[in-house]
Amino acid sequence: MFIEEYADYLKIEKKKTKNTFDAYMGDLREFLKYLEEKGVPAVSCKNTEVVGYLLKLKEEGKSTATTNRKIASVRLYYKYLMERGLVAENPADNIKTVKVEKKGIEYLTIEEIDNLLSLPDDSLKGKRDRAILEVLYATGIRVSELVNVKVSDVNIRMGFVTLTGESSKARIVPLGRPARAALEEYIYDVRKGLVRDSEDDDSLFVNYHGKKLTRQGLWKIIKEYASKAGIENKITPQTLRHSFAVHMVQNGADLKSLQELLGHEDISATQIYLSVTKNRIKDVYDKTHPRA
């Protein structure tokens, strides 16, 4: 029901990123299929149907975060229909989301980072992978952002990369010397050999076929080296980003600067890294103060 129009609404009016857009549309199609199986037209959906859907998600063992997102997707869809006078009420309005328990931040120690970054060899693949790992740790870039970086976004001479985050707002992030060196070697010695005669779209990191590296391909590379380093269980797509942020805070970076580097819209998202520093300070106090 008005799926194409709703898709345009998400993209143009709500300015949802591709990942969020895909998730919301997938959630909506799943909910509409549920209604179809129940024989309930979308315009006739009531609160009881949404509650039934919520119970179904719980029975399927969906996580709290996933369930909350799916209900939020339903709520936004009916908000759209209400704004256009297509339904009289939003059946998901009084469905309360469950508070998600915050997990501790997974990050690597500086020693673990040094070990990880030392693993790529001097083969073409190794030089490409070294550049990937160095850039991830040097910039705190999201995995989803890294696969979209263009060669033209990188300024080796000045030592920075221009990133476009989730809000489509560009930010400039400095590159440290090791990252600059690894990138320079990759761009001028390796990438040309990988791209060869393929019609590349200027993507910075490419696979063996000269095509843009996918998120799945990038994640596979990270896991490969994490396994070699013996830290596979500690690695998630966010780990190097968290490590970048935690190490910056531990070494005196102010939150406002870190917020800009990470591309956070709200500084509250950056404040989670303070908890790590507070815990570290308490540990030091407990271990060193005579009356702790």
Q: Go through (1) farther than 30 Å from ARG142 by Cβ; (2) exposed (fewer than 12 other Cβ atoms within 10 Å of the Cβ) and name the single condition GLU49 misses.
A: (2)
Q: List every residue pair whose Cβ atoms sit under 7 Å apart, with the two residues 6 or more apart in sequence or on different chains, where the first one lies in the range 207-219 and is under 13 Å from LYS150 (Cα atoms) and open to solvent by 20 Å² or more (accessible area, probe 1.4 Å) and the second, anywhere, is of a type in the set (Asp, Glu) and part of a loop (DSSP other than H, G, I, E, B).
A: LYS212/ASP201
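Matching residues to (1) among the aliphatic types (A, V, I, L, M); (2) under 18 Å from LEU261 (Cα atoms):
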| residue | (1), (2) |
| --- | --- |
| LEU175 | yes, yes |
| LEU183 | yes, no |
| ASP189 | no, no |
| PHE205 | no, no |
| GLU224 | no, no |
| GLU232 | no, no |
| MET248 | yes, yes |
(Q) Of the conditions (1) touching a helix residue (DSSP H, G or I) at 6+ places or on another chain (Cβ under 9 Å); (2) over 30 Å from VAL147 (Cβ atoms), GLY85 satisfies every one except a single condition; which number is it? (A) (1)
Q: Starting from residues that are part of a strand (DSSP E or B) and within 16 Å of LEU204 (Cβ to Cβ), keep the ones in the range 159-184 and report whichever is modelled with the lowest pLDDT.
A: THR164
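For every residue, the table says whether it meets (1) touching a residue at least 12 places away in the same chain (Cβ under 8 Å); (2) buried (at least 19 other Cβ atoms within 10 Å of the Cβ); (3) farther than 23 Å from THR270 by Cα; (4) among the acidic types (Asp, Glu).
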site	(1), (2), (3), (4)
THR64	yes, no, no, no
ARG69	yes, no, no, no
ALA72	yes, no, yes, no
LYS79	no, no, yes, no
PRO91	yes, yes, yes, no
ARG130	yes, yes, yes, no
VAL135	yes, yes, no, no
GLY140	yes, yes, no, no
VAL154	yes, yes, yes, no
Q) Are there any pairs, at least 6 apart or on different chains, whose C-beta atoms fall under 9 Å, with the first in the range 33-58 and closer than 13 Å to ASP93 by Cα and hydrophobic (A, V, I, L, M, F, W, C) and the second open to solvent by 20 Å² or more (accessible area, probe 1.4 Å) and part of a helix (DSSP H, G or I), and if so, which? A) VAL50/ARG75
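Yes or no, residue by residue, for (1) crowded, with 18+ Cβ neighbours inside 10 Å; (2) without any contact (Cβ under 8 Å) to a residue 12 or more places away in the chain; (3) within 22 Å of ASP121 (Cα to Cα):
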{"residue": "LYS150", "(1), (2), (3)": "no, no, no"}
{"residue": "TYR188", "(1), (2), (3)": "no, yes, yes"}
{"residue": "LEU204", "(1), (2), (3)": "yes, no, yes"}
{"residue": "ASN233", "(1), (2), (3)": "no, yes, no"}
{"residue": "HIS242", "(1), (2), (3)": "yes, no, no"}
Q: Would you mind finding the one in GLU112, GLU106 that is in contact (Cβ under 8 Å) with a residue 12 or more places away in the chain and open to solvent by less than 70 Å² (accessible area, probe 1.4 Å)?
A: GLU112
Q.
Looking at GLY217 and the list (1) touching a strand residue (DSSP E or B) at 6+ places or on another chain (Cβ under 9 Å); (2) in a helix (DSSP H, G or I); (3) under 30 Å from LYS15 (Cβ atoms); (4) not aliphatic (A, V, I, L, M), which single condition is not satisfied?
A. (1)
Q: Output the residue which, of all residues in the range 247-267 that are assigned to a loop (DSSP other than H, G, I, E, B) and out of contact with any Leu (no Cβ under 9 Å at 6 or more places or on another chain), is least open to solvent (accessible area, probe 1.4 Å).
A: GLY252
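Kindly indicate whether ILE156 is modelled with pLDDT of 95 or more and more than 30 Å from ALA7 (Cα to Cα).
In short, no.
The values are calculated or read from the model by the stated rules, or taken from the named source; none is laboratory data. Fair warning: this is a prediction, and the values are worked out from it, not measured in the lab. Neighbour counts run over all protein chains shown; Cβ positions are idealised from the backbone, glycine included. The accessibility values were calculated without ligands, DNA or RNA, using every heavy atom of the protein model including side chains. Shrake-Rupley method; radii C 1.70, N 1.55, O 1.52, S 1.80 Å.
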